[in-house]
Amino acid sequence: MTWILPVIVTISAILSVIVTYILILIFRKIDITGIDIFKIHRPRIPSNGGLSVPITVTIIMSILLMQNLVSLNFFLSIVLSLAIITIIGLIDDYIDLPGFYKPLAAMFAGVPIVLFAEYDYHFKIILGGGFSIPIIYPLAILIAISVTSNTVNMLDVINGSATWGVFISLIAGMISSIILSSDKGLLLSIIFLSSLMGVVIFNTYPAKVFLGNSGSLSMGCLLGILAILGDIELPVMVAMFPFIHNSFFFLSHAKKFVEHKTLNTTVTFLNDKGLIEDANNQTAPITLLRFLVSEKPKSELRALSEMIVIFIISSALAIITAYLMTMKVM
Amino acid sequence: MRSTYSLILIIIVEWALFMALLASIYFLAVNITFVEYSRLLDQFIKFIISIASGGVWLYIWLRLGHVMYRRSRSK
C-alpha cells in the first residue's frame, strides 16, 4: 500500500487541477456565474467549480477499487454519499428551496455509510475511554454528515474560506490518523487532500471560480466521511471548531434553519475603500467573518489569512486531542 | 489581530472544557451508580446529565462569543 500513496497523491492532485480548470472554462462559456460581492467592481466568476472534488474522488476511488486496494462496500459508501450530497447541492444551486431543505436532505448522504456498514460504532474519547453505541451510532452518522456538510457550506463566505478550512482540517485528520494508527483515515485524508488541490489553487483569493453549494457541501461531506470511516471522529470534530462556531452563532440567532438571504439583514458589507466592514446591525448574527472585522474593516485577503490562522490553531488542538486519545489512564 | 486572538481564545477555552466534559461523562458512566436496582433508570439519569452538561458547554460558548465580540468592538 505504501508505494502507491505517492502515486495516488500525484494523479489525484493533477486530475483535480485539470478538472477544475475545465469546469471554469465550461461554466464561463455557458455563463453559469456568480457575483463576487467583496470586490469593488463586483466581477462575475464561474460557479460550481467545487464539482471537481467529488469527480476527482470518484475517479481515484474507482482506480483503487480496480486495483483491489479498497473493498466494494468501502468504495460504495464513499462514492454514493458524495453523489447524493452533490445532487442535493446542485438542486439548491438552481432552485430556491426552504432553509430546512439542506440539513434534512443532507442526512440522506449518510445512508450509504450506514447501509454498507464500514464503520466502527465504538466512539473513542481521550485517555483511553470510549463508548460502544451500536444503536445510536447509525443515527449519529446521518446527523454528522448533515452537520459537517452544512457547516462548511455556511462558511463559504469569502474567497477560499471554506476551501482552506477543509484543507487544514484534512491535514489535522491525516496527522491524527497517523497518531491513532488508522490506515483507512490516512488513505482517505491523503486522497481527499490531493483532490482539493484544484479548488485550493483556483478558489483562493482572488478566486477564479466559486465552489457552489454542490462543492462546499461535498467538501463538508468529505470531513464527515473521514471522521466516521477513518474512526477519528473526535479530532475531526475539534478541527472543525471554527466551522461549528460560525454555524452555531448563526443558528442561535436565527433560531431556525434559514438561508442567509432570507434573514433580510446585512451582516457585513464592502465599504468605499474595498474593505469588509461590520454592518453593526443588532439584528444580524455574529458570524465568524463579522467577528473578524468587528475591530476594524479588513481586506478580504486579510480576513482569509486570519481565518487560516484560526483553523491552524483548531487543527493543532485536534492533533493534541488525537495524542490524548492514545494515552491510557481510564 | 485583536478579534483573531479573541476567537482563538474562545476555541481554546471551549476545547479545554470539551475535553474535561468528555472525561467527566466517561468517568460518570463507568464509575458511578445513581440507582442500584434499575440499570435502565441509572443510564437514563446519566444520559440527562450528559445532555445538560452539553447544553451548559454550548451556553458558555455562546456567552463567551458575545462578550468577546463586544470587547473586540469597544476597544
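Obtain the nm distance between the two label points defined at A:T266 and A:I143 by a simple spin-label model: each point lies 7 Å from its Cα along the Cα-to-C-beta direction.
3.8 nm
Rounding to the nearest 20 debye, state how big the charge dipole of the protein assembly as shown is about its Cα centre with +1 on each Lys and Arg Cβ and -1 on each Asp and Glu Cβ.
In debye, rounded to 20, the protein assembly as shown gives about 1000.
Given the pairs A:K102/A:K296; A:K102/B:K46; A:K184/B:K46; A:K208/A:K298, which span a C-alpha to C-alpha distance of over 28 angstrom in this model?
A:K102/A:K296; A:K102/B:K46; A:K184/B:K46
Could you tell me which of A:A13, A:A239, A:T287 has its Cα farthest along the dipole of the protein assembly as shown towards the positive end, charges placed at Cβ (Lys, Arg +1; Asp, Glu -1), taken about the Cα centre?
A:T287
Let's see if you can work this out: charge +1 on each Lys and Arg Cβ, -1 on each Asp and Glu Cβ, no other charges. What is the dipole magnitude of region B:2-74 about its Cα centre, in debye to the nearest 20?
Details: 7 positive and 3 negative charges, 108 e Å.
Computed about the Cα centre, the dipole is about 520 debye.
Taking a quarter of the surface of the convex hull around the Cα atoms of the protein assembly as shown, what do you get in nm²?
Its Cα hull, projected and averaged over all orientations, spans 20.0 nm².
Among A:S189, A:P98, A:L155, whose Cα sits farthest toward the positive end of the charge dipole of region A:87-193 (+1 at Cβ of Lys/Arg, -1 at Cβ of Asp/Glu, about the Cα centre)?
A:S189
Looking at B:G54, B:L21, B:G65, which one has the Cα that reaches farthest to the positive end of the dipole of region B:2-74 (charges on Cβ: Lys, Arg +1; Asp, Glu -1)?
Positive-end residue among those listed: B:G65.
Choose one answer from A:N280, A:N159, A:N150: the residue with the largest mean-square fluctuation in a GNM of chain A with alpha-carbon springs under 10 Å.
Of the options given, A:N280 has the highest mean-square fluctuation.
Convex hull volume of the Cα atoms in region A:176-234, per residue, in Å³?
85 Å³
Give the Rg (one decimal place) followed by the Dmax (whole number) of chain B, computed from C-alpha coordinates and expressed in Å.
That works out to 17.1, 58 Å for Rg and Dmax.
Cβ under 13 Å from A:P46's Cβ, A:P46 left aside: what net charge do those residues give with Lys, Arg +1 and Asp, Glu -1?
Around A:P46, the charge tally is +1.
Specify the residue with the greatest mean-square fluctuation among A:D31, A:D278, A:D92, computed from a Gaussian network of chain A linking alpha-carbon atoms under 10 Å apart.
A:D31
For region A:8-149, what is the charge dipole size about the Cα centre, in debye to the nearest 20, if Lys and Arg each add +1 at the Cβ and Asp and Glu each add -1 at the Cβ?
About 360 debye.
What net charge is computed for the residues neighbouring A:L229, neighbours being all others with C-beta under 12 Å from the C-beta of A:L229, Lys and Arg scored +1, Asp and Glu -1?
On the way: positive: A:K184; negative: A:E118, A:D120, A:D183, A:D231, A:E233.
That works out to -4.
From the Cα trace of region A:1-40, what convex hull volume per residue do you get, rounded to a whole Å³?
In region A:1-40, the Cα hull volume divided by residue count equals 104 Å³.
Which of A:I85, A:I133, A:I14 moves most in a GNM of chain A, Cα contacts under 10 Å?
A:I133
Quick check: Cα centre of region A:1-23 to Cα centre of region A:110-187, how many Å?
When both Cα centres are located, 22 Å separates them.
Give the value in nm², to one decimal: projected area of the alpha carbon convex hull of region A:1-88, averaged over all directions.
7.3 nm²
Just to confirm a number: summing +1 for Lys and Arg and -1 for Asp and Glu over residues other than A:I22 whose beta-carbon lies under 12 angstrom from that of A:I22, what do you get?
+2
Just so you know, all these numbers are worked out from the coordinates, no wet-lab data involved. Please read all numbers here as calculations on a predicted model, not as lab measurements. Cβ: placed from backbone, ideal geometry, glycine included. Neighbour counts: every protein chain shown.
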